[in-house]
Amino acid sequence: INCESIRLPASHFPVPATHNETDAMAAPNARRLLRCVIVTPEKTVLDLQAATVLLPLDDGSRGVAAGHTPFIGRLGSGEVRMAGVEGRAGADTTVRTFVEGGFVEVSAAGVTVITQRAVDSATLDPAAAKAELGRLQAETATGDEAIAARMAAETVARARLRAAERRG
């Protein structure tokens, strides 16, 4: 069979829609926002609208905007950065929150971060973060469980130090 002689109509190859075309036509300059909620067992830390959200996934960072494909992921330690936050001064406003692992769900409704600990990155002290990392590196751990726990604590401390130094 000669494949070049087979011609299929263009309708046979549907193009998936990446956004609602009627919304785009109705308001071409409208900024699409995404709801971002960060919760810990104790409380809801943040609940706001942002243009984009950068997530510290366990296997690397991932950016999310309105209309992103839904997914569930495991978070590593690092900053959740929400840019273009609504209700703050200007479209360039970024809110940064340090999280220590957890899970994230991205859906049509927005981004939900579930973590054991979340702290406003602006409150992180670089000197204290550096001292904590030094203390952990000086500790001696024996046994597989103790070594694994110390390595995990060092990973969190390094991420906290990076976030504290970025604070500027």
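Laid out as a table, the results:
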quantity	calculated
Two-site label geometry, Ala109 and Ile72: point separation in nm, points 7 Å out along Cα→Cβ	1.4
Computed FRET value (nearest 0.05) for Arg32 with Val119, which takes r as the C-beta separation and R₀ as 25 Å	0.30
Förster radius 35 Å - calculated FRET efficiency between Arg162 and Thr140, Cβ distance, rounded to 0.05	0.90
1.4 Å probe accessible area per residue over the range 92-168, in Å²	58
Mean Cβ count within 10 Å, highest first, over the residues of peptides 74-80, 36-42, 160-166, 124-130	74-80, 160-166, 36-42, 124-130
Arg62/Thr94 FRET efficiency (R0 22 Å; Cβ-Cβ; nearest 0.05)	0.85
Residues in the range 127-143 that a label on Arg150 would reach, taking backbone N under 20 Å of a point 7 Å out along Cα→Cβ	129-143
Normalised contact order of the range 37-112, rounded percent, pairs of Cα under 8 Å and 6 or more residues apart	29
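The values are calculated or read from the model by the stated rules, or taken from the named source; none is laboratory data. Quick caveat: nothing in here was measured; it's all calculated off a predicted structure. For neighbour counting, all protein chains shown are included, and Cβ atoms are generated from backbone atoms with ideal geometry for every residue, glycine included. For the accessible areas, the whole protein counts, side chains as well, though only heavy atoms, and no ligand, DNA or RNA atoms are used. Shrake-Rupley method; radii C 1.70, N 1.55, O 1.52, S 1.80 Å.
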